[in-house]
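Shown next, in structure tokens, is the structure this report addresses.
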Protein chains: 2
Amino acid sequence: MQLQQLVYFLAVAETRHFTRAAERVHIAQPSLSQQIKALERELGAELFSRARGNIALTDAGQALLPIAARIIADTETATQEVQELVQLRRGRVRLGATPSLCTGLLPDILRDYHRQYPGIRLIIEEGGSRDLVRELATGSLDLALIVLPLQSHDPALDATPLLHEDLVAVSAAGTPDMPEALRVQDLRDRPLVMFRRGYDLRELTTSACRAAGFEPTFAVEGGEMDAVLGFVGAGLGLAVVPSMVAERRPTLRSTPFAPPGLTRTIALAHRKDAEPPRAARELRRVLLDYVRTHSTT
Amino acid sequence: MQLQQLVYFLAVAETRHFTRAAERVHIAQPSLSQQIKALERELGAELFSRARGNIALTDAGQALLPIAARIIADTETATQEVQELVQLRRGRVRLGATPSLCTGLLPDILRDYHRQYPGIRLIIEEGGSRDLVRELATGSLDLALIVLPLQSHDPALDATPLLHEDLVAVSAAGTPDMPEALRVQDLRDRPLVMFRRGYDLRELTTSACRAAGFEPTFAVEGGEMDAVLGFVGAGLGLAVVPSMVAERRPTLRSTPFAPPGLTRTIALAHRKDAEPPRAARELRRVLLDYVRTHSTT
DNA sequence: GGAGCTGCATAGGTCCAGCCTATGTAAACG
DNA sequence: CGTTTACATAGGCTGGACCTATGCAGCTCC
């Protein structure tokens, strides 16, 4: 008995037609006839009654059918099971994240993940949420940490909220007139050091100002997180950044916002339509575990 | 993937030894190494860790092991299931027969058959020839004992004449004016107890009367064999039944028909286009044997 | 009714895969 | 350090799985 023969048998049983079954399994019809005949010879029983135009299973065929189907299904699960293991031994995960998360949250998590799966290459794409969402959609990312809510709400994305980040204002150590807590409208009189276009923090800050009734003024504009913090340290102005980032720069003064404060929600997103690769699912698990463990503390 | 490869894999997994595994499956050791390697290549993962003298399953191998074992076990049950059908240890026969045969001929034959093949379920369908022929054609019966000639002659049926039944007239014990032998035209003056529509005996009797030039009159009409015989016993009239049936009711008076007599031919029919299942072929053989043996006596 | 069509079976040829033997190689052991 | 053990590799052989071409039975359609 051969697995191929069982596949052929199933094809004939389903199509009730030798010629069409042969097409389905991509062999010539005589080859299929031969193989079915060989199987019948080995089992010592006819499997089909070959009435013209009406191929039907004999009782022997009916007895074989469920077992053959299970065998073939098992071969597929077998390869799949092994594949999943293989994919965790070597492979890659392409993860997108906002710059602030790349420096804040990710290092610890990626260290854990890499310790568990040293064969998996980690490919990090740093960018704003909008870019990341687009790359998720095109399939050039497996997972992405993005900021909610999504501007371009894509129903094909599954986004799980992960954590709420407090935003704070950072300023140079000797900046005068800094209150204990800042209100958004206090930013009206203070020039800001603003990130380049595309940063989620830029969108968030400007829209918060507009909601408070004014257009923010920029002392400097453009640059990544590091540059912005550098400009702030040089006294060019204030910047609004996640508290997690501010904590890593003790030389800068960090001022919280007055209640209700300014927060943003980070979510973990992936395409809904395609199951992510095993390595990516595993990273997702590690991420969710990490956040659940550390948010309770 | 090949079934052989899985067998080899299991052998190595169990013996933890390539050379001994090769002996067990009766191939040379290099062939086994090759096949295992081929399987590993196809799955994209090593299945064994080849430490000298200590062959062990990798995690991929462990994942494959139970599924491979199940697949191989399934192939064995598959052949076994079919074998059992072939060897008539298991299965069913669906046999159609006219009511008179069910009480007359069948019990003995079915007893013989069941003694020989106790694993075969016997499913008996009682009905008139016309119904039985239709069920043969649709495949809901394997074999049927029917009355010849067929009204709706179906060329797709193969009907082998089995035996000629003599028909006799049965009457209540005290019925007056009963001759030694009856002619069909004698029925003109005598009301009949008639079977329900669909009974072959009804068709046969009425058409015999019509052939003799008159329309029969019915004292009662409808009912199965038992009821008809009961009505006859109560003196409601005569009925025409197979002699075999009449013999089982010694309380009734049985009168033969004058030569050439009234007979009907019972035939064993099955579909011509599809070979009947093995169990049905065997029942056919038993039936023919029985009739041949007992008709000579 | 025969010409064409459909659809499975058969015939004959090709080629690859699975098996073989012979040999290589690496570890273990006295 | 030779010997043994045991798996891997090399290269040749053969059967079987596949192919194309053809046969043949039943059906349709003019």
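The values are calculated or read from the model by the stated rules, or taken from the named source; none is laboratory data. All values derive from a computational prediction rather than experimental measurement. Please note: Cβ atoms are built from the backbone with ideal geometry, for glycine as well, and neighbour counts cover all protein chains shown. These area figures cover heavy atoms from the full protein model, side chains too; ligands, DNA and RNA do not enter into them. Shrake-Rupley method; radii C 1.70, N 1.55, O 1.52, S 1.80 Å.
If you filter region B:32-41 down to residues that are more than 8 Å from DNA strand D (Cβ to nearest atom) and open to solvent by less than 70 Å² (accessible area, probe 1.4 Å), you find that the one that is nearest to A:D74 (Cα to Cα) is B:L39. Of all the numbered requirements in (1) touching a helix residue (DSSP H, G or I) at 6+ places or on another chain (Cβ under 8 Å); (2) of a type in the set (S, T, Y); (3) surrounded by fewer than 21 Cβ atoms within 10 Å (Cβ to Cβ), B:Y199 misses one, and that requirement is (3). Being under 19 Å from B:S100 (Cα atoms) and either outside any helix (DSSP H, G or I) or under 26 Å from the mean Cα position of the chain (by Cα) (or both) is a property that B:T293 lacks. Within region A:3-36, being part of a helix (DSSP H, G or I) and aliphatic (A, V, I, L, M) holds for A:L3, A:L6, A:V7, A:L10, A:A11, A:V12, A:A13, A:A21, A:A22, A:L32, A:I36.
Within the option set A:G96, A:G61, A:G91, A:G44, being among the small types (G, A, S) and touching a residue at least 60 places away in the same chain (Cβ under 8 Å) holds for one residue only, A:G91. Taken as a whole, the condition of being within 13 Å of chain A (Cβ to nearest Cβ) and at pLDDT 85 or above applies to B:L43. Taking residues in region B:7-31 that are away from chain A (no Cβ under 14 Å), and partners anywhere that are part of a helix (DSSP H, G or I) and more than 14 Å from DNA strand C (Cβ to nearest atom), the pairs with Cβ atoms closer than 8 Å and at least 6 places apart or on different chains are B:A21/B:E14; B:A21/B:T15; B:R24/B:T15.
B:E275 satisfies every condition listed in (1) within 14 Å of chain A (Cβ to nearest Cβ); (2) part of a strand (DSSP E or B) except (2). All conditions in (1) surrounded by 16 or more Cβ atoms within 10 Å (Cβ to Cβ); (2) within 16 Å of DNA strand D (Cβ to nearest atom) hold for B:Q29, with the sole exception of (1). The set of residues in region A:182-196 that are within 28 Å of A:L145 (Cβ to Cβ) and out of contact with any helix residue (DSSP H, G or I) (no Cβ under 9 Å at 6 or more places or on another chain) contains only A:L182.
Evaluated against (1) at the interface with another protein chain (Cβ under 10 Å from one of its Cβ atoms); (2) within 13 Å of DNA strand D (Cβ to nearest atom); (3) within 49 Å of the chain's Cα centre (by Cα), A:L64 falls short on exactly one condition, (2).
For region A:67-77, the set of residues classified as open to solvent by 30 Å² or more (accessible area, probe 1.4 Å), at the interface with another protein chain (Cβ under 7 Å from one of its Cβ atoms) and under 12 Å from B:A78 (Cβ atoms) consists of A:R70 only.
Of all the numbered requirements in (1) open to solvent by 60 Å² or more (accessible area, probe 1.4 Å); (2) within 16 Å of DNA strand D (Cβ to nearest atom), A:L47 misses one, and that requirement is (1).
B:F218 falls short on exactly one of the conditions (1) at negative phi; (2) in contact (Cβ under 8 Å) with a residue 12 or more places away in the chain; (3) open to solvent by less than 30 Å² (accessible area, probe 1.4 Å), and that condition is (3). In region B:46-58, the qualifying residues are those that are within 14 Å of another protein chain (Cβ to nearest Cβ) and touching a strand residue (DSSP E or B) at 6+ places or on another chain (Cβ under 8 Å), and the one that is nearest to DNA strand C (Cβ to nearest atom) is B:S49. B:I55 meets each of the listed conditions (1) open to solvent by 60 Å² or more (accessible area, probe 1.4 Å); (2) in contact with a His (Cβ under 8 Å, 6 or more places away or on another chain) apart from (1).
Within the set B:T205, B:T138, B:T175, the sole residue that is modelled with pLDDT of 85 or more and among the polar types (S, T, N, Q) turns out to be B:T205. Within region A:1-22, the only residue that satisfies the criterion of being within 10 Å of DNA strand D (Cβ to nearest atom) and at pLDDT below 90 is A:M1. Of all the numbered requirements in (1) open to solvent by 70 Å² or more (accessible area, probe 1.4 Å); (2) more than 10 Å from DNA strand C (Cβ to nearest atom); (3) closer than 21 Å to A:E84 by Cβ, B:F9 misses one, and that requirement is (1). For the structure I just gave you, tell me whether A:R190 is within 32 Å of the chain's Cα centre (by Cα), on the phi < 0 side of the Ramachandran plot and among the basic types (K, R). The answer is no for A:R190. Among the residues of region A:23-41, just one is of a type in the set (D, E) and under 15 Å from A:V7 (Cβ atoms), namely A:E23. Got at least one residue in region A:263-282 being within 19 Å of A:L187 (Cβ to Cβ) and not small (G, A, S)? Within region A:263-282 (the criterion being within 19 Å of A:L187 (Cβ to Cβ) and not small (G, A, S)), the answer is yes, since at least one residue qualifies. Among the residues of region A:78-88, are any open to solvent by less than 30 Å² (accessible area, probe 1.4 Å), outside the structural domain of A:R278 (by TED's automatic domain parsing), β-branched (V, I, T) and over 40 Å from the mean Cα position of the chain (by Cα)? No, the conditions are met nowhere in region A:78-88. Within the option set B:R284, B:R278, B:R271, being open to solvent by 10 Å² or more (accessible area, probe 1.4 Å), under 30 Å from A:A51 (Cα atoms) and touching a His at 6+ places or on another chain (Cβ under 8 Å) holds for one residue only, B:R284. Among all residues of region B:59-66, there is none that is more than 13 Å from DNA strand C (Cβ to nearest atom) and in contact with a Gly (Cβ under 6 Å, 6 or more places away or on another chain). Of the set (1) within 30 Å of A:A246 (Cα to Cα); (2) in contact with a His (Cβ under 8 Å, 6 or more places away or on another chain), all apply to A:I120 but (1).
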